[in-house]
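Heads up: the structure comes next, in structure tokens.
The values are calculated or read from the model by the stated rules, or taken from the named source; none is laboratory data. Just so we're clear, the structure is a prediction, and the values are computed from it rather than from any experiment. Reconstructed Cβ throughout: ideal geometry from the backbone, glycine too, with neighbour counts over all protein chains shown. Heads up: the accessible areas ignore ligands, DNA and RNA and are worked out on the full protein's heavy atoms, side chains in. Shrake-Rupley method; radii C 1.70, N 1.55, O 1.52, S 1.80 Å.
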Amino acid sequence: AQRVTQPEKLLSVFKGAPVELKCNYSYSGSPELFWYVQYSRQRLQLLLRHISRESIKGFTADLNKGETSFHLKKPFAQEEDSAMYYCALSPGGAQKLVFGQGTRLTINP
Amino acid sequence: GAVVSQHPSWVICKSGTSVKIECRSLDFQATTMFWYRQFPKQSLMLMATSNEGSKATYEQGVEKDKFLINHASLTLSTLTVTSAHPEDSSFYICSARAESGTLRDTQYFGPGTRLTVL
């Protein structure tokens, strides 16, 4: 069975500080990993996906197959980063997404 | 581009009635759409995968006769909650999978529909 775990429900950091949102997954095959973000009163939107290997809004995430992790990182947090972040997994070949529980990130001024 | 709409955005109905929720991909075609349910302060749970021109694929534990899905065109999927009960009250979110372009295979989400069953 596939599972995505985000151990932190809430995360609060100060503006300018580094931020890391943790994501671990359980899947026996080769998954695709995603980070989705939901800003206040907005719909869920894609932040980044591991196969793109790009940085979006200063965020990066590296897939670590040995540790089955896909942590989201940003070196200097900004107030506009405050949002709900969901890590998601798509089983190889399938199209559906399995979501983690989400982490609410708050950036304090 | 890649906008997904849902209608209605919220609905209140009486117990025992049926409610239809529409999901549309506005500027792209989607052979595959997905329906999720989200309880307060919880994550999204996939209910079913909607396939254009064929039957939907339901996740384990989701009653297909209660949650009827129709995907009659490449831009529209509907979810009908039949004989709704208060426990069906929830936030229902759809997504559509882009099949071409640079973000192929990405799911784009609708804004959600809040269903309250009295």
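Before moving on, here are some points about what is shown:
- Single residue of A:Leu33, A:Leu47 found to be assigned to a strand (DSSP E or B) and in contact with a helix residue (DSSP H, G or I) (Cβ under 8 Å, 6 or more places away or on another chain): A:Leu33
- For the range B:81-98, filtering for residues that are loosely packed, with under 15 Cβ neighbours inside 10 Å, touching a residue at least 40 places away in the same chain (Cβ under 8 Å) and touching a strand residue (DSSP E or B) at 6+ places or on another chain (Cβ under 9 Å) leaves 2.
For (1) touching a strand residue (DSSP E or B) at 6+ places or on another chain (Cβ under 7 Å); (2) in a strand (DSSP E or B); (3) more than 30 Å from B:Thr57 (Cα to Cα); (4) aromatic (Phe, Trp, Tyr), each residue gets a yes or a no:
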position: A:Tyr25; (1), (2), (3), (4): yes, yes, no, yes
position: A:Val37; (1), (2), (3), (4): yes, yes, no, no
position: A:Ile51; (1), (2), (3), (4): yes, no, no, no
position: A:Lys96; (1), (2), (3), (4): yes, no, no, no
position: A:Ile107; (1), (2), (3), (4): yes, yes, yes, no
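- Top-ranked residue in the range B:99-118 [being open to solvent by less than 50 Å² (accessible area, probe 1.4 Å) and within 14 Å of chain A (Cβ to nearest Cβ); ranked as farthest from A:Phe99 (Cα to Cα)]: B:Thr113
- Residues of the range A:13-45 satisfying the condition of being within 14 Å of chain B (Cβ to nearest Cβ) and open to solvent by 70 Å² or more (accessible area, probe 1.4 Å): A:Ser40, A:Arg41, A:Gln42, A:Arg43
- Among (1) more than 24 Å from B:Trp35 (Cβ to Cβ); (2) surrounded by fewer than 16 Cβ atoms within 10 Å (Cβ to Cβ) - the single one A:Gly92 does not satisfy: (1)
- Of all the listed residues (B:Leu44, B:Leu26), the sole one being in contact with a Phe, Trp or Tyr (Cβ under 6 Å, 6 or more places away or on another chain) and in contact (Cβ under 8 Å) with a residue 24 or more places away in the chain is B:Leu44.
- For beta carbons closer than 6 Å, sequence separation of 6+ or different chains, a first residue in the range A:81-109 that is within 14 Å of chain B (Cβ to nearest Cβ) and a second that is in a loop (DSSP other than H, G, I, E, B) and among the charged types (D, E, K, R), the qualifying pairs are A:Thr103/A:Glu8.
- Top-ranked residue in the range B:8-26 [being open to solvent by 90 Å² or more (accessible area, probe 1.4 Å) and more than 14 Å from chain A (Cβ to nearest Cβ); ranked as nearest to B:Glu99 (Cα to Cα)]: B:Lys20
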